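The values are calculated or read from the model by the stated rules, or taken from the named source; none is laboratory data. Because the structure is predicted, anything quoted here is derived from the model rather than measured. Ideal geometry is used to build each Cβ from the backbone, glycine not excepted, and the neighbour counts take in all protein chains shown.
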Amino acid sequence: MGSFSGGCLCGEVRYEGSEAQGGGHCYCEDCRRSSGTSHCSHMIVSESRFSVQGEVRFFDAVADSGNTISRGFCPSCGSPIYSRNSGMPGMVIVRASSLDDPDVFAPGLIVYASRAPAWGQPRDDLPVFAEMPPASDIPNVEA
């Protein structure tokens, strides 16, 4: 994937990036709650290939893995923008819902499928993992 851009609902936060290294859909409880729907769709990008303009605030929570997830959002409109995972230093996890062109996102897998609600079941055309697989099993992501 080439370059991409995105931002929040009110326009106060904008970002640009390039060369996403994979991504997918996550059905864990934290993603459901922070998205307001059945899952979140994430794109993994090297922090060195991602730049942000505008203020982003972060909410930290410990994930099932024990890693701290810092979820970044616009303090004015509340739109989720990107996250950092303490277990993935040097990477950012961009919310596909914040992309200007959502079709630049191509999910490669589904994680925490066992936690999907009955009304929002995962697609069946991607690799599906009941929980979070080891990094070595995640397509296109360096462990």
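Of all residues in the stretch 9-18, none satisfies being closer than 22 Å to residue 132 by Cα and not aromatic (Phe, Trp, Tyr). Residue 11 meets all of the listed conditions (1) at pLDDT 95 or above; (2) on the phi > 0 side of the Ramachandran plot; (3) crowded, with 19+ Cβ neighbours inside 10 Å but one, namely (3).
List the residue pairs whose Cβ atoms are under 8 Å apart, where the first residue sits in the stretch 4-31 and is under 20 Å from residue 110 (Cα atoms), the second is assigned to a loop (DSSP other than H, G, I, E, B) and of a type in the set (D, E, K, R), and the two are 6 or more positions apart or on different chains. Matching pairs, first to second residue: 21/142; 25/123; 28/64. When only residues in the stretch 28-64 that are assigned to a strand (DSSP E or B) and among the small types (Gly, Ala, Ser) count, which is nearest to the chain's Cα centre (by Cα)? Checking each candidate, the answer is 41. Does any residue of the stretch 78-89 turn out to be free of Cβ contacts under 8 Å to residues at least 40 places away in the same chain, part of a strand (DSSP E or B) and not polar (S, T, N, Q)? Yes, the stretch 78-89 contains a residue that is free of Cβ contacts under 8 Å to residues at least 40 places away in the same chain, part of a strand (DSSP E or B) and not polar (S, T, N, Q).
Return the residues of the stretch 64-85 that are of a type outside the set (Ser, Thr, Tyr) and surrounded by fewer than 17 Cβ atoms within 10 Å (Cβ to Cβ); say none if nothing qualifies. Talk me through it step by step, then tell me what you get.
Looking only at the stretch 64-85, we keep the residues that are of a type outside the set (Ser, Thr, Tyr), and these are 64, 66-67, 69, 71-75, 77-78, 80-81, 84-85.
If the condition is that a residue be of a type outside the set (Ser, Thr, Tyr) and surrounded by fewer than 17 Cβ atoms within 10 Å (Cβ to Cβ), then 64, 66, 67, 75, 77, 78 are the ones that fit.
Among the residues of the stretch 115-132, those that are part of a helix (DSSP H, G or I) and touching a residue at least 24 places away in the same chain (Cβ under 8 Å) comprise 115, 119, 120. Answer yes if at least one residue in the stretch 92-105 is buried (at least 21 other Cβ atoms within 10 Å of the Cβ) and in contact with an Asp or Glu (Cβ under 6 Å, 6 or more places away or on another chain), and no otherwise. Checked the stretch 92-105: at least one residue is buried (at least 21 other Cβ atoms within 10 Å of the Cβ) and in contact with an Asp or Glu (Cβ under 6 Å, 6 or more places away or on another chain). Summed over the stretch 1-27, residues that are under 26 Å from residue 76 (Cα atoms) and not in a strand (DSSP E or B) total 6.
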